[in-house]
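Just below is one structure, and these are the notes that go with it.
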Amino acid sequence: MQSGSPAAAAGFSIGDVIVSLGANRITDPTDLKATLRPDRVGESITASILRGGEPRDLPGDRRRKRPRRT
């Protein structure tokens, strides 16, 4: 995970397992991609995760992905 990335700013750590985003259950990468649609940037959302097997909620907002460096 890159320092300063939206995921790092939201409190995610390497190894976290995303269980849901808001009311949307995440079971595979397709679910995650559909939930992170760009037309919803700025909305508040809570990510429910497992960190080390323990449930945890990370409140935050949907942010625009940073452009990749080349």
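Heads up, I need the accessible area for L32: 1.4 angstrom probe, whole protein in place, Å², nearest 10. We get 50 Å² for L32.
For the stretch 1-55, what does the alpha-carbon gyration tensor say about shape, rounded, prolate or oblate, given a ≥ b ≥ c as the root eigenvalues, a/c under 1.5 as rounded, and a/b over b/c as prolate? It is oblate, given that a/c is not under 1.5 and a/b is not larger than b/c.
Where does each of E54, E43 land when they are ordered by accessible area, with a 1.4 Å probe and the largest first? Intermediate results must be reported in sequence, preceding the final value.
On the way: E54 120, E43 85 Å².
My answer, sorted largest first, is E54, E43.
The values are calculated or read from the model by the stated rules, or taken from the named source; none is laboratory data. These figures come from a predicted structure and were not determined experimentally. When the accessible area is computed, the model is the full protein with side chains, heavy atoms only, and any ligands, DNA or RNA have been set aside. Shrake-Rupley method; radii C 1.70, N 1.55, O 1.52, S 1.80 Å.
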